[in-house]
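The values are calculated or read from the model by the stated rules, or taken from the named source; none is laboratory data. Since this is a predicted model, take the numbers as computed values, not measurements. Because the Cβ atoms are built from the backbone with ideal geometry, glycine has one as well, and the counts that use them run over all protein chains shown.
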Amino acid sequence: MATEPQGNLEKPRFGPSDRLSAMFRACSRDPTEAIKTRLRCILHTFLQHLKDNAGNEKISDLAAKCCCEAGVWYYRILENRASQERKRLGICDISVILENDLAQRCLVACCLEVTISANQLPCDFPLLLQIFNLAPYHFYKVIELVVRAEVGLPRGVVRHLAQVEEKVLESLAWTSDSPLWEEIKVNEGHLPTCQQVMPPTRLEDPKRTDLQPDENLPGVLFLPVDLRAELSAGTDQQHSPSAVNRPRRSSPLHLFARKVYSLMGIRLRELCSIMGISDELRLKIWTCFEHSLVYCCTDLIVDRHLDQMLMCAMYIMAKITKVEIPFKHIMKCYKSQPLACKSVCRNVLISGRETENSLTGNNNNGDYSDSILTPNTPSKHYPGPCQEERGNLIYFYNQVYSRKMQHFAKQFAPTPGGDTPPLSPYPRQWKASPRRHRLSSNHSIYISPYNAETPPPCTPGLCYYFNSSPSKCLREINNMIKTGRSPNRRSCVVLLEDGPPARRRRLEVLQRQLRNVVNDRVARRDQHQAFPVNLA
């Protein structure tokens, strides 16, 4: 069933709002026409591709609907991010942000992915990136921006975007034609270590705090981080002559590595729990896995899947430490995971690279726009498919992995009085705080869960706690909805208490009732408005 955009409960608008148009006019170069032209061009390219390849009128009609909704989402999210960037930077002219063509194309593509998922259009990821010639490594950077925009994305769509991000982190960003390798090359040919990118509070070894990375979460800024760093550097140099020599605390590569380590740390923890592997062995496996990413990435990771490296690390460290774990058992436990891909164990690149270190040499010209590859397609890096050999994971381990990693792994063999290398810090398991849901972009009204035993910190604005707040707070919220004015320009948060299933069901009913109130009143007020969806 198709899902309409839910961030605005009023009738959606295809085009910039009055507020966003005012932001455009405040720029030194009004980007309105450039943004409109880019959006229409991208949507037309998508429609034409499906028309040429689908041969089905129903699919073409559904694709047209997805394009209309994608335009609504795009302007809505663009307004949200532009407003936040203006506030963060303290400036009105954000031309440099709005004119970033790559970031804007990725944002439009992500909005299309949202509507493709919501409407169940047959266009599996990463086909969309192939149509637009976008690198997965660039695309993933806007995913969290879209999720954090508080525009009311359906939960199913948020889960889909999370799965898309995982696909990029685990395999699509590691293809030989990925822009990731240029950033690794600049970083002395190595991926940053887990300790370099994780805040000390998010490591299982909090005592090792000699490195203090930036704790800003990835994806919280609208600018690509490399462009953001240039702006920040310019600002820092105005205040400090030595700022130019100061190392960058957060780069795109560091933010990418942080997400990779978080994802793979969760997967290893789950596999070890299923297999009954001790914490001591888990830390050794993690140390081996991190070593393969940091020091052997150009030899082992190119055109392969990180889960393959993880399972190989589990087997080699179990073997070295005399723990009996058959490789087939590791693969069986891996395949039992809900989102595991069976081809990860069956289709592994064995050989085919021209030279082992070609990715850190001069062969990488940085042009990644010709095509986007998937882990199951031959890479353009190879002269031809006839020179590429593939096999199962065990064969890869015997022929490639063990030869690269056995010297490092043997250092952990149990020997009397022998010293072993220090274990790498492990990402600490943590739970993100529940996200609040915005009912309407016209009103600062949010619904958020909370636990009565550990109430949330004081939230600025008007709050109403079900079963505890006085009724006058709810009346004030209702009055704000009716009049369209926010008291003292404050936001309103309706907090739903976590509790037994019966209580949660009652609170869900109250949540739906509150949404209906907002929907009915705004719909009656705006029923005269039209919804222009002409893409011509």
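Against the criterion of being in contact with an Asp or Glu (Cβ under 8 Å, 6 or more places away or on another chain) and farther than 14 Å from Val400 by Cα, Leu293 does not qualify. Only a single item in (1) buried (at least 16 other Cβ atoms within 10 Å of the Cβ); (2) under 28 Å from the mean Cα position of the chain (by Cα); (3) at pLDDT 85 or above is not met by Arg19, and it is number (1). Filtered by the rule that a residue be touching a residue at least 40 places away in the same chain (Cβ under 8 Å) and of a type in the set (Lys, Arg), region 398-425 gives Lys404, Lys410. When each of Leu227, Leu211 is tested for being under 24 Å from Arg105 (Cα atoms), surrounded by fewer than 20 Cβ atoms within 10 Å (Cβ to Cβ), modelled with pLDDT under 90 and out of contact with any His (no Cβ under 8 Å at 6 or more places or on another chain), the lone residue that passes is Leu227. Looking only at region 28-50, which residues are of a type in the set (A, V, I, L, M, F, W, C) and at pLDDT 90 or above? Correct list: Ala34, Ile35, Leu39, Cys41, Ile42, Leu43, Phe46, Leu47.
Would you confirm, using the coordinates I've provided, whether Tyr397 is touching a strand residue (DSSP E or B) at 6+ places or on another chain (Cβ under 8 Å) and modelled with pLDDT of 50 or more? In short, no.
Counting only helices (runs of 4 or more DSSP H) that sit completely within region 88-133, zero hold 3 or more residues that are in contact with a strand residue (DSSP E or B) (Cβ under 8 Å, 6 or more places away or on another chain) and not assigned by TED's automatic domain parsing to the domain that holds Leu145. Scanning region 402-421 for residues that are of a type outside the set (Gly, Ala, Ser) and at pLDDT below 90 returns Pro414, Thr415, Pro416, Asp419, Thr420, Pro421.
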